[in-house]
Number of protein chains: 4
Amino acid sequence: MMPLNLHEYEAAARERLTPTAYDYFAGGAGDEVTLRANRASFDRLALRPRVLVDVSRRSMKCDVLGADAAMPILVAPMAFQRLAHADGELAVARAAGAAHTVMVLSSLATTPMEEVVVAARPSRVWFQLYVFKDRGATRALVRRAELAGCTALVVTVDAPFLGRRERDVRNRFSLPDGVHISNLAGFGKDELPREAEGSGLAAYFEKQLDVAFTWKDLAWLRETTRLPVVVKGVLRADDARDAVAAGCQGIVVSNHGGRQLDGAVAAIDALPEVVAAVGGKVQVYLDGGIRRGTDVLKALALGANATLLGRPVLWGLAADGEDGAKRAIDLLAAELDLAMALCGCRSLAEIRRDLVVRAP
Amino acid sequence: MMPLNLHEYEAAARERLTPTAYDYFAGGAGDEVTLRANRASFDRLALRPRVLVDVSRRSMKCDVLGADAAMPILVAPMAFQRLAHADGELAVARAAGAAHTVMVLSSLATTPMEEVVVAARPSRVWFQLYVFKDRGATRALVRRAELAGCTALVVTVDAPFLGRRERDVRNRFSLPDGVHISNLAGFGKDELPREAEGSGLAAYFEKQLDVAFTWKDLAWLRETTRLPVVVKGVLRADDARDAVAAGCQGIVVSNHGGRQLDGAVAAIDALPEVVAAVGGKVQVYLDGGIRRGTDVLKALALGANATLLGRPVLWGLAADGEDGAKRAIDLLAAELDLAMALCGCRSLAEIRRDLVVRAP
Amino acid sequence: MMPLNLHEYEAAARERLTPTAYDYFAGGAGDEVTLRANRASFDRLALRPRVLVDVSRRSMKCDVLGADAAMPILVAPMAFQRLAHADGELAVARAAGAAHTVMVLSSLATTPMEEVVVAARPSRVWFQLYVFKDRGATRALVRRAELAGCTALVVTVDAPFLGRRERDVRNRFSLPDGVHISNLAGFGKDELPREAEGSGLAAYFEKQLDVAFTWKDLAWLRETTRLPVVVKGVLRADDARDAVAAGCQGIVVSNHGGRQLDGAVAAIDALPEVVAAVGGKVQVYLDGGIRRGTDVLKALALGANATLLGRPVLWGLAADGEDGAKRAIDLLAAELDLAMALCGCRSLAEIRRDLVVRAP
Amino acid sequence: MMPLNLHEYEAAARERLTPTAYDYFAGGAGDEVTLRANRASFDRLALRPRVLVDVSRRSMKCDVLGADAAMPILVAPMAFQRLAHADGELAVARAAGAAHTVMVLSSLATTPMEEVVVAARPSRVWFQLYVFKDRGATRALVRRAELAGCTALVVTVDAPFLGRRERDVRNRFSLPDGVHISNLAGFGKDELPREAEGSGLAAYFEKQLDVAFTWKDLAWLRETTRLPVVVKGVLRADDARDAVAAGCQGIVVSNHGGRQLDGAVAAIDALPEVVAAVGGKVQVYLDGGIRRGTDVLKALALGANATLLGRPVLWGLAADGEDGAKRAIDLLAAELDLAMALCGCRSLAEIRRDLVVRAP
């Protein structure tokens, strides 16, 4: 039966995926308190719809970093998409392209970025960057992203180490034969260790990632590239102000989908302080727990410029390849469109703070 | 076994109804968060009863739009009542008539309105209006309601599009043979599409309803008719003030029983701001989640002039036709009468704001 | 296995009682929201124990209406105790006597009050009074209570009508052969109707009780008797002030164990405003939801002079007659004694407001 | 399968322990409300991690009473460790020694303290003291602890009587043959009564412990010894100030793991007022509900100098002897290290109050 919403896509995907792959995508860190909080906090917000507005013409058009997207729903960076489906990142890129929205491509993609950029056309691809200990490799990766036509760098800042994802530790998570971290092959960083006692990805992070990276180094990165830089993983006003001061053009409020620090504040709960702190100087996006069009609406009402959709895209991908990924995005977009109409909002500009109230 | 309360009527009805009809009546939009919130928010309010009042004489008599009703419990507009029982709207009208309370008849009734008005005597019938793209049809419908003897128009303002009711999408909800939208037959609008991929009702709304209807158009509607106009579906103070400014005589605080915008604020939680905003200039009613006499009492204490009872009337109808519908209304009225007695309230005027407190 | 706490006594009792009797004692009105709230509200209060106090000598001695009780735990008035055990009120009276605490005897007792007063020695018996339409009968009942040696009147003010206790309606609750409302035999009021469609007790109340009784009539009652008058069923500051003005010597903050108005505020939540309102002019007791010694402690910390223990005494009675009733009281008293010791309170006077805080 | 976290160690331990031993270690007093609250209150606190800090060098080094510990996680005093494993306190001491952290040895240990002190090297052992009615025995015990090389006294102040632990009452908890309260053998206090009707430990407490012990007596104790004195079991600001005034060097905020006064405030909820009250004059530790590294982090953010880990050490001990105990400590330390890294905290000094916020 065709899934009617993103929850049903997860159920459909679970039937197709190996338990290890499902756990990798679905799981969170520790007791998964933050994973659940990301969802529960959306449900604690209630909407106050306006009525009797002429909603015959509506637009979800969205400015992201100065360019148009068809909707305030970008595809979040997610690693190892070929674990979900043989077509992996190419299928997701085509889905994002068809939806006219941005795909954020993970450093840990299993497909060469040049192919992804082509597949995503006419949509743009942003490149998510993990900063490696090997600065040369980092620099080369950025350079390659520029040449490939990526239009922004999304630097993940909440993962100097990998979160303790116990499902992956138990499953001794690694990559099956034939699936590689494609864009790091040139640096001998394209395999996850299989001999690790626990999660191969955790071992990879510990060996490869630069845990000494600071705001000062971010300035170096900004000089290295002509691309706009977005930092992903900010949950506090002071860090948000530091990001602005460091010259970033965007901030993703995110707890990494509950996969890094268990107990971290829910993304939607952290959003207002970040929005207030940046005062409109840079764009603010939200990532974590988006499952319904009304979740997007709530995030926008609280000041986000756009949201990032993560796991559900992979559930669509796993369930039905490119079509599934596309349909997952379309379902959410249709829900948002309907929710806007029912709230009397004809454009993102009409989504105001007073649309949302804390449920008692 | 004879149902003792409205919950038991739902259980009895469920046994009689087809799954598709039960789902249509029982369901809400999306994750049904608002459907549940409508109930849960009543339970978060506690009553502070007064004692040692002479309650030997009590009255629930209620002024609605300048006329008397025997109780502050009106029958909410609900579509397709012949799906619940062959006697449909006629049975409900007779039940409302016997209870001396107002029946609000849906635009999507499956019985000609003239017959319903006769059946409801001596009670009055208010006509719930959906505004169609076809203004001629809309005007004719209003005119017909006037001629039939309806005494007010209740204009639904929260449904430019139908909410995403996933049960109906899954069931491909439509009307069975022999059940028609009786009062729209003259305009070729008496059938729900059956070929629709999802909900036939959603397709019908998308094709027929006027999504461009605004407060300005409401002024046009008011000039079109000599009947008082009530707007149904207001959840905010600003919209309530707009309704007063537009010359409406009443407002139904409602989220359409959780069937339109999932995530919308619970009706009882939105009531106080609407009551405060209108400052007594027009009547305010509440709709959504009423299952116990104490729910009615809480709504009145928070400032409602009356409440509308929806699904439970249909559960009574499905379970036992006119008798069931009547008994459902009577059960609730008896509960309200007892609750008033136990709170020391002999009339609606003695139900005051301080009767209710938020439970800790 | 010997019950270790009052919860276990309920389980033991349930095995012994007929379902109808168990339902009568255990049930509440409506959806039993208030029944549950009485318990849940205790759990929302946390204790802040003091340490390093010499607690080698402790006393729970309590002044109630100017006389001593061994503990701030009185036996609440409960009807029809012979439904729980053949020894009924006599067993409970002996248990209260042995515990050196007050028994409040119900108007609806199934044993002559003179026998109960003797059985309770050396403890005192207070007589709970329902005010009957038949003022002569009411006056005679009061006179008989005085002659029998009862030392106070506890006038129930929250029951002009019986609450809608749906378990009893379903069970068509009435009294079995051989069980009578003993003290009303002289007035032909000693039987519950059996022909009633629903609860025989509800029918009895409707026929017999005076729904017109007011504070003014309470003044009449006070003149009728030389006994101190306590009103039971007050949940608001204004009613509490009225009780003081009417010359009452005590107030029982109570929602009748959740058996009258479902949705009424939890007893412990209503206590502080009543305590504040009476300002020490009369005694304040609490009734509803007491199951643990710490519940008594919390009530005292919030200003109650004593508490009334209801259903658990009957669970003890049903499980093991007089011994069970005694042991239920003793268990609670031992829990209170231990809780006081662990909180550094050597006497009731040392139980202060700051011992309790709302749990987050 | 090797446990991955402390929850899994509990499951593993439960399979190895007799039900009576498991109940003794796992259970709490009364309805175990406080036992659950200790955990639930941690989950109500959310973390606000800082990003882009160079976390390549981190230290959990901790000053406790002027000496170094490798981590802010001490081993809480727990009785009867030989019930968990034949190696009992020796295994735990070796585990604490290997982890370079303090072990707090219970007065009710089942191993001579001299052996424990040796086994714990190079770590220090603090001696937990119950004050006995027999002051001579108490003094001798303190003297022996000094001679054995214990470096602090931890005086338990929340247990003049044992809490009502109903599991133990039901199980008639006592010690099996061959397990003794080793350090009290010289005073004939090394056995729990087996003839007790309920808990043998409760009977032991009632017979042996000094319920008259006050702050004044604590001054006597301080003069008796040259060791620093820590009081364990304080939950209020006033008691904390009394502890400072009495010359204590440390305070353990604790409700005895929910084993004494059920309904007592959760330890983590009581922490802030104690920290504020002592104003840095003495050290403050927290005990109760620690199961995750983030729990330790939250306690430190709220002002604790260190935490005490209780039951999980015994779960490790029961599951796998010294290795299990060691691994339980190591798992928690690794979680704390990771949590600090993900929060941008390189040392305990960088863990600040604003790291924690109440979750909505």
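Annotations for the structure displayed:
- Checklist (1) assigned to a loop (DSSP other than H, G, I, E, B); (2) more than 9 Å from every other protein chain (Cβ to nearest Cβ) applied to D:Asn38, failing item: (1)
- Scanning the stretch B:84-110 for residues being assigned to a helix (DSSP H, G or I) and buried (at least 24 other Cβ atoms within 10 Å of the Cβ) gives a total of 6.
- Residues that are of a type in the set (Asp, Glu) and crowded, with 16+ Cβ neighbours inside 10 Å, drawn from the stretch D:203-234: D:Asp210, D:Asp217
- Positions within the stretch C:6-25 being within 11 Å of chain D (Cβ to nearest Cβ) and open to solvent by 10 Å² or more (accessible area, probe 1.4 Å), in sequence order: C:His7, C:Glu8
- Within the set C:Ala245, C:Ala237, the sole residue that is small (Gly, Ala, Ser), more than 10 Å from chain B (Cβ to nearest Cβ), farther than 20 Å from C:Phe161 by Cβ and open to solvent by 10 Å² or more (accessible area, probe 1.4 Å) turns out to be C:Ala245.
- Scanning the stretch B:174-202 for residues that are open to solvent by less than 20 Å² (accessible area, probe 1.4 Å) and either more than 13 Å from B:Ala109 (Cβ to Cβ) or part of a helix (DSSP H, G or I) (or both) yields B:Asn183, B:Leu184, B:Leu192, B:Ala196, B:Gly198, B:Ser199, B:Gly200, B:Leu201.
- Which numbered condition C:Asp337 misses (of (1) in a loop (DSSP other than H, G, I, E, B); (2) within 14 Å of chain D (Cβ to nearest Cβ)): (1)
- Test: residue in the stretch A:35-42 that is over 27 Å from D:His7 (Cβ atoms) and hydroxyl-bearing (Ser, Thr, Tyr): no
- Subset of the stretch C:156-173 that is facing chain B (nearest Cβ under 10 Å) and either of a type in the set (D, E, K, R) or buried (at least 24 other Cβ atoms within 10 Å of the Cβ) (or both) - its residue that is nearest to C:Leu218 (Cα to Cα): C:Val157
- Scan of the stretch B:340-355 for residues that are in a helix (DSSP H, G or I) and either within 12 Å of chain C (Cβ to nearest Cβ) or touching a Cys at 6+ places or on another chain (Cβ under 8 Å) (or both), ordered by number: B:Met340, B:Ala341, B:Leu342, B:Leu348, B:Asp354, B:Leu355
- Any chance C:Asp31 is under 28 Å from C:Gly163 (Cβ atoms), in a loop (DSSP other than H, G, I, E, B) and within 13 Å of another protein chain (Cβ to nearest Cβ): yes
- Tally, over the stretch D:41-78, of residues that are open to solvent by 40 Å² or more (accessible area, probe 1.4 Å) and within 14 Å of chain A (Cβ to nearest Cβ): 7
- Within the stretch D:206-255, being assigned to a helix (DSSP H, G or I), at pLDDT 95 or above and β-branched (Val, Ile, Thr) holds for one residue alone: D:Val244.
To keep it simple, each residue is scored yes or no on (1) in contact (Cβ under 8 Å) with a residue 40 or more places away in the chain; (2) basic (Lys, Arg).
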{"position": "A:Ala99", "(1), (2)": "yes, no"}
{"position": "A:Leu108", "(1), (2)": "yes, no"}
{"position": "A:Glu114", "(1), (2)": "no, no"}
{"position": "A:Arg121", "(1), (2)": "no, yes"}
{"position": "A:Arg124", "(1), (2)": "yes, yes"}
{"position": "A:Ala148", "(1), (2)": "no, no"}
{"position": "A:Phe187", "(1), (2)": "yes, no"}
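- Those residues of the stretch B:213-235 which are of a type in the set (Gly, Ala, Ser) and without any contact (Cβ under 8 Å) to a residue 60 or more places away in the chain, in sequence order: B:Ala219
- Between B:Gly324, B:Gly293, the distinction of being modelled with pLDDT of 95 or more, more than 28 Å from B:Asp54 (Cβ to Cβ) and buried (at least 22 other Cβ atoms within 10 Å of the Cβ) belongs to B:Gly324 only.
- Meets criteria (closer than 25 Å to A:Gly97 by Cα and either touching a Gly at 6+ places or on another chain (Cβ under 8 Å) or surrounded by fewer than 24 Cβ atoms within 10 Å (Cβ to Cβ) (or both)) for A:Asp354: no
- Selection within the stretch C:137-150 - under 29 Å from C:Leu261 (Cα atoms) and open to solvent by 10 Å² or more (accessible area, probe 1.4 Å): C:Arg139
Yes/no matrix, rows are residues, columns are (1) within 11 Å of chain C (Cβ to nearest Cβ); (2) not aliphatic (A, V, I, L, M):
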position: D:Arg222; (1), (2): no, yes
position: D:Ile251; (1), (2): yes, no
position: D:Val284; (1), (2): no, no
position: D:Gly303; (1), (2): no, yes
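- Residue check for D:Gly280: over 24 Å from D:Ala40 (Cβ atoms), assigned to a loop (DSSP other than H, G, I, E, B) and free of Cβ contacts under 8 Å to residues at least 12 places away in the same chain: yes
- Filtered by the rule that a residue be within 14 Å of chain B (Cβ to nearest Cβ) and out of contact with any strand residue (DSSP E or B) (no Cβ under 8 Å at 6 or more places or on another chain), the stretch C:259-282 gives C:Arg259, C:Asp262, C:Pro272, C:Glu273, C:Ala277.
- Failed condition for D:Pro360, given (1) modelled with pLDDT of 95 or more; (2) outside any helix (DSSP H, G or I); (3) within 14 Å of another protein chain (Cβ to nearest Cβ): (1)
- Scoring A:Arg291 on the criteria (1) closer than 16 Å to A:Arg58 by Cβ; (2) in a loop (DSSP other than H, G, I, E, B) leaves a single failure, condition (1).
- Any hit, the stretch C:255-267, residues being more than 25 Å from C:Arg164 (Cα to Cα) and polar (S, T, N, Q): no
- Among the residues of the stretch B:11-28, those that are within 17 Å of the chain's Cα centre (by Cα) and within 25 Å of B:Ala299 (Cβ to Cβ) comprise B:Phe25, B:Ala26, B:Gly27, B:Gly28.
- Subset of the stretch D:41-66 (residues that are assigned to a loop (DSSP other than H, G, I, E, B), small (Gly, Ala, Ser) and more than 23 Å from A:Val131 (Cβ to Cβ)): D:Ser59, D:Gly66
The values are calculated or read from the model by the stated rules, or taken from the named source; none is laboratory data. Just so we're clear, the structure is a prediction, and the values are computed from it rather than from any experiment. Here the Cβ is made from the backbone with ideal geometry for all residues, glycine too, and neighbour counts use every protein chain on show. Heads up: the accessible areas ignore ligands, DNA and RNA and are worked out on the full protein's heavy atoms, side chains in. Shrake-Rupley method; radii C 1.70, N 1.55, O 1.52, S 1.80 Å.
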